[in-house]
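**Q** Can you keep this structure in mind? I'll have questions shortly.
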Amino acid sequence: MHRFHRQHHARHGFGWAEHGPRGPRGLGRHGRPDRVFEQGDLRLVLLKLIADKPRHGYELIKAVEEAVGGAYAPSPGVVYPTLTLLEDMGYAKVQAEGDGGKKLYTVTPEGEALLVEQAKAVEALFARMAEVATNNRGRNAPQILRAMQNLQVALRYRLGRGPLSETQVQAIAAALDAAAGAVENA
């Protein structure tokens, strides 16, 4: 039955249709958000990105991260084997090897044909990535992350210096409450 379900609902040779292995898009099992990519989606995304412009693995990681607004960055341990698989399947090839063994990947005619055949799936993937980026806007802003870390370090440092007087406890609590209020009203 599982095999029939996968074949019946497959959107392309790499992944799932409207219903992924965990149900409809949106929330997966146990109410957790779905992953950015289902099984095999990253292959099409990487293939499309190298079809647009030959790229190194690191450039592909950054391009995916940028496309989803920082919500996700594929690890090198996922990207490089995927590129090797695309190469083995005949969809991508190494155009040149640069300094330090960096491989510049480009799409083959077979890869171009696959992208044409899977144009709707590719379009849907990039639309979903844009939606994730829109929904993530501001959540991973570097300035906010840096400020949060600064606050955490300052608290840890101050609390590690020794016991606080009641006046110091009240001052720190007031500063944190003021910061929380400012964030809520921003």
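The values are calculated or read from the model by the stated rules, or taken from the named source; none is laboratory data. Since the structure is predicted, the reported quantities are computational estimates derived from the model, not experimental observations. Neighbour counts run over all protein chains shown; Cβ positions are idealised from the backbone, glycine included.
**Q** Could you go through the range 105-126 and let me know if any residue there is without any contact (Cβ under 8 Å) to a residue 40 or more places away in the chain, β-branched (V, I, T), outside any helix (DSSP H, G or I) and surrounded by 11 or more Cβ atoms within 10 Å (Cβ to Cβ).
**A** Yes, some residue in the range 105-126 is without any contact (Cβ under 8 Å) to a residue 40 or more places away in the chain, β-branched (V, I, T), outside any helix (DSSP H, G or I) and surrounded by 11 or more Cβ atoms within 10 Å (Cβ to Cβ).
**Q** When the range 37-58 is examined, which residues are found to be farther than 22 Å from A119 by Cα and either assigned to a loop (DSSP other than H, G, I, E, B) or at pLDDT 95 or above (or both)?
**A** Of everything in the range 37-58, just one residue is farther than 22 Å from A119 by Cα and either assigned to a loop (DSSP other than H, G, I, E, B) or at pLDDT 95 or above (or both), namely H56.
**Q** Right, next: Considering each of G162, G101 in turn, give the residue that is on the phi > 0 side of the Ramachandran plot and either surrounded by 14 or more Cβ atoms within 10 Å (Cβ to Cβ) or assigned by TED's automatic domain parsing to the domain that holds I61 (or both).
**A** From the options G162, G101, the qualifying one is G101.
**Q** With the structure loaded, tell me whether E166 is in contact with a Phe, Trp or Tyr (Cβ under 7 Å, 6 or more places away or on another chain) and of a type in the set (D, E, K, R) or whether it fails that test.
**A** No.
**Q** Let me ask something else about it. Could you say whether any residue in the range 9-21 is part of a helix (DSSP H, G or I), at pLDDT below 80 and closer than 19 Å to L125 by Cα?
**A** Checked against the condition, which is being part of a helix (DSSP H, G or I), at pLDDT below 80 and closer than 19 Å to L125 by Cα, the range 9-21 yields at least one hit.
**Q** I want to confirm something. Restricting to the range 49-71 and keeping residues that are without any contact (Cβ under 8 Å) to a residue 40 or more places away in the chain and basic (K, R), which single residue is farthest from K103 (Cα to Cα)?
**A** Per the stated criteria, the residue is K62.
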